[in-house]
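The values are calculated or read from the model by the stated rules, or taken from the named source; none is laboratory data. These numbers were taken from a predicted model, which means no experiment stands behind them. Here the Cβ is made from the backbone with ideal geometry for all residues, glycine too, and neighbour counts use every protein chain on show. Keep in mind that these areas ignore ligands, DNA and RNA; they rest on the heavy atoms of the full protein, side chains included. Shrake-Rupley method; radii C 1.70, N 1.55, O 1.52, S 1.80 Å.
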Amino acid sequence: MPPALILSSDSHVFEPPDLWTTRIDRAFRHRAPRMVRIDGADQLVVEDDQVLSEVLYPSQGLFYFKVPDSALMAAIFRAYNDWLADFCRADPARLKGIAMISLDDVREGTQELERAARRGFAGAMIAEYPLEHRRYDQPEYEPFWAAAESLAMPLSLHTATRRQGKIRGAGERTLRDATSRATKAFYPAQSMCDMIFSGVFERYPALRLAIVEFELAWAPHVLATMDYTYRERHEEAFHRFKGDTRPSDFFHRNVFLSFQEDAVGIRLRDVIGVDNMMWGSDYPHSESTFPQSRKILAEILAGVPEDEQARIAGANTARLYGFDLARLGAGGA
């Protein structure tokens, strides 16, 4: 039997097809993303010719379309955030919104983060991997990290939000789509390492980072190699932490991993950290555990002590995103 309280740390909504054409700032209305019927399928079209395939998730896919200026992307995200805030108002005890933030302009992104906090969002999603010349070890992000910590807004790196142009699923068929999916944890791992090695979590100890829909089992090797690099390669890991702190210590204090059904990762929980693990259903996407979530959870958590099951299946998510367990009762969300 799975725990009585189950909270999904990773669930989604399907946006209404006219979200951007009706809600985006009027100055951008003529450039708003729009649904177009192409070859019998509904496709989200951005600008004149950029098509996000129907297999992608519209709001996430918007992270990596090419824009001539950052203002359009920021306007797209503001419209989405306004709609999502209204959506979550239907049941704020059970629905915790995660705002989408563009950091193409860090000052504007920080302002949108502050606005999202005022609107009741529980956290914010940034690109899992930014443009190569603007990775998360750069000092330009300092105001944003500071604001996220001050506002107690956890940040999410979610799959399919790479700021690197097309990832997969649109255009000419290629086996590289399979390679991209099989190795997708590589990118958020780099972003996490950039933040840890550059001292972000040392400067902002209350900042929390969730790495979402990348499963678990990749983490132990990365933790070990981070610590090895810090210990043995001073010329590379030249930012030195206070005292005897190791990179893996920041992971265990500041980072959460959201997974769906990683049985191998569950067996490695003593290395990853039970308090760093959060289950998520990924509803309503095709790879979601729905409608077999309880069955799958019971199978992958078999043999795990009950107190650890409770933390993995719900309590860690409640702690990170501020769910009121008394208001939820035992049913979960």
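Exactly one residue among LEU56, LEU72 is at pLDDT below 95, aliphatic (A, V, I, L, M) and farther than 30 Å from MET277 by Cβ, and that residue is LEU72. Is there a residue being in contact (Cβ under 8 Å) with a residue 40 or more places away in the chain and assigned to a strand (DSSP E or B) anywhere in region 211-223? There is at least one residue in region 211-223 that is in contact (Cβ under 8 Å) with a residue 40 or more places away in the chain and assigned to a strand (DSSP E or B). Look at region 121-149: where a residue is of a type in the set (Val, Ile, Thr) and a partner is in a loop (DSSP other than H, G, I, E, B) and open to solvent by less than 20 Å² (accessible area, probe 1.4 Å), sitting 6+ places away or on another chain with Cβ atoms under 7 Å, you get ILE126/ILE101; ILE126/LEU103. Of the residues making up region 95-142, those that are modelled with pLDDT of 95 or more, loosely packed, with under 15 Cβ neighbours inside 10 Å and assigned to a loop (DSSP other than H, G, I, E, B) are GLY120, GLN138. Residue check: GLU287 meets all listed conditions (1) outside any helix (DSSP H, G or I); (2) within 29 Å of ILE300 (Cβ to Cβ); (3) in contact with a Ser or Thr (Cβ under 9 Å, 6 or more places away or on another chain) but one, namely (3).
In region 20-41, the qualifying residues are those that are part of a loop (DSSP other than H, G, I, E, B) and not hydrophobic (A, V, I, L, M, F, W, C), and the one that is surrounded by the most Cβ atoms within 10 Å (Cβ to Cβ) is PRO33. For region 308-331, the candidate set comprises residues that are closer than 23 Å to VAL255 by Cα and modelled with pLDDT under 95; within that set, the residue that is surrounded by the most Cβ atoms within 10 Å (Cβ to Cβ) is LEU325. Summed over region 175-202, the residues that are in contact (Cβ under 8 Å) with a residue 60 or more places away in the chain, closer than 17 Å to ALA146 by Cβ and out of contact with any helix residue (DSSP H, G or I) (no Cβ under 7 Å at 6 or more places or on another chain) give a count of 1.
Applying the set (1) over 25 Å from the mean Cα position of the chain (by Cα); (2) under 30 Å from VAL13 (Cβ atoms) to ARG231 leaves exactly one unmet item: (2).
Entry remark, region 256-300: residues being surrounded by fewer than 22 Cβ atoms within 10 Å (Cβ to Cβ), within 23 Å of LYS96 (Cβ to Cβ) and touching a Pro at 6+ places or on another chain (Cβ under 8 Å) number 2 in total.
Part of a helix (DSSP H, G or I) and either modelled with pLDDT of 95 or more or more than 24 Å from PRO154 (Cβ to Cβ) (or both): is that true of SER258 in this structure? No; evaluated as a whole, the condition is false for this residue. Residues that are modelled with pLDDT under 90 and open to solvent by 100 Å² or more (accessible area, probe 1.4 Å) within region 166-187 comprise LYS166, GLU172, ARG173, LEU175, ARG176, ARG181, listed in sequence order. Residues in region 194-214 that are open to solvent by 50 Å² or more (accessible area, probe 1.4 Å) and either among the hydroxyl-bearing types (Ser, Thr, Tyr) or under 17 Å from the mean Cα position of the chain (by Cα) (or both): ARG208 alone. The selection criterion, being part of a loop (DSSP other than H, G, I, E, B), over 27 Å from ARG78 (Cβ atoms) and polar (S, T, N, Q), holds for THR174.
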